[in-house]
1. For a quick check of your reading: which helices (runs of 4 or more DSSP H) sit entirely within the range B:124-210 and have at least 1 residues that are closer than 30 Å to residue B:10 by Cα and at pLDDT 90 or above?
2. Please return the ranges of helices (runs of 4 or more DSSP H) entirely within the range B:1-59 where 2 or more residues are within 16 Å of the chain's Cα centre (by Cα) and either facing chain A (nearest Cβ under 9 Å) or at pLDDT below 90 (or both).
3. On the given criteria, is residue B:112 crowded, with 21+ Cβ neighbours inside 10 Å, farther than 29 Å from residue A:4 by Cβ and in the same structural domain as residue B:142 (by TED's automatic domain parsing)?
4. What are the residues in the range B:61-76 that are within 26 Å of residue B:112 (Cβ to Cβ) and either modelled with pLDDT under 85 or in the same structural domain as residue B:212 (by TED's automatic domain parsing) (or both), if any?
5. Could you grab me the full set of residues in the range B:60-76 that are surrounded by fewer than 16 Cβ atoms within 10 Å (Cβ to Cβ) and assigned to a loop (DSSP other than H, G, I, E, B)?
6. Could you figure out which of (1) more than 7 Å from chain A (Cβ to nearest Cβ); (2) at pLDDT 85 or above; (3) over 20 Å from the mean Cα position of the chain (by Cα); (4) in a helix (DSSP H, G or I) isn't true of residue B:79?
7. Would you kindly identify the helices (runs of 4 or more DSSP H) lying entirely within the range A:2-108 that contain at least 2 residues that are touching a residue at least 60 places away in the same chain (Cβ under 8 Å) and facing another protein chain (nearest Cβ under 7 Å)?
């Protein structure tokens, strides 16, 4: 088992790098506020970043469990269908999609 | 922190409640992942306290699951630092559109930055501007961290007692990001950004499937910079 000193050293490093990556861009952006580029990026980025997160998360699920790849696609379709058909209630859509995936993966 | 927020009055209480509600759907994915982390840490022969300690130090789900194996193998700290840098580099791009300007108090501001995980970014990005506020954002982030640390502790408590935990609950994160994309995609003005993101993620999955998220974000930002350059040359289209 690794020593406690080693674990605490690594925890300190992990905290520092993670926090620095999240904080430094804000410090730099403070000076750029008002620039046309930063304003455009702040409007353009959210939908694209969300789409990238959705696709890579789906890809991760499909590769982690190749048997469940079709179930994952089906569950995403259910999630989208429920969300658009039943009034965009996030918890309901996420819950239904997840339930479909869990049931198919464990029961079929 | 919660007392500090409450002092601002009743409107803030509604905002806090709204923030906690925002967090529920993210919690569906975060909590089971936390349990998985706790189980994994015990299975790797690491001490139980590492679960909450790691969750508080890193607060980045995918990274922590990756770190368990590295810690168990006593990987040199420099290699750990490099891994953290690469895996979490994507957070650099969130700063452009994360509503940190809403948060005034310096301690709260530092917390909002520290707790800017993928899920918190995604939930706040899908909210329209007029519905955002500092208490709502912070309440959502605090709740997410509670699910993550709480899930980890439940995982540790379950230990080997549970023969086979229910598989597939992590799909909730997949579903959450899909739903939030739908909510953000509400006007035709979003089509170019969505198409550029599609291009970025397709190329990334083909060329670097192992670090697809990182590559996709990098390509997406590159494409947006190109779009900005084009629009600056033809201001009539802007």
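1. Qualifying helices (runs of 4 or more DSSP H): B:134-158.
2. Helices (runs of 4 or more DSSP H) meeting the threshold: B:10-43, B:50-58.
3. Answer is yes for this residue.
4. B:61, B:62, B:63, B:65, B:66
5. Answer for the range B:60-76, where residues must be surrounded by fewer than 16 Cβ atoms within 10 Å (Cβ to Cβ) and assigned to a loop (DSSP other than H, G, I, E, B): B:73, B:74, B:76.
6. Going through (1) more than 7 Å from chain A (Cβ to nearest Cβ); (2) at pLDDT 85 or above; (3) over 20 Å from the mean Cα position of the chain (by Cα); (4) in a helix (DSSP H, G or I) one by one, residue B:79 breaks only (2).
7. none
The values are calculated or read from the model by the stated rules, or taken from the named source; none is laboratory data. As the structure is a prediction and not an experimental result, all values here were calculated from the model. Note that each Cβ is placed from the backbone with ideal geometry, even for glycine, and that neighbours are counted across all protein chains shown.
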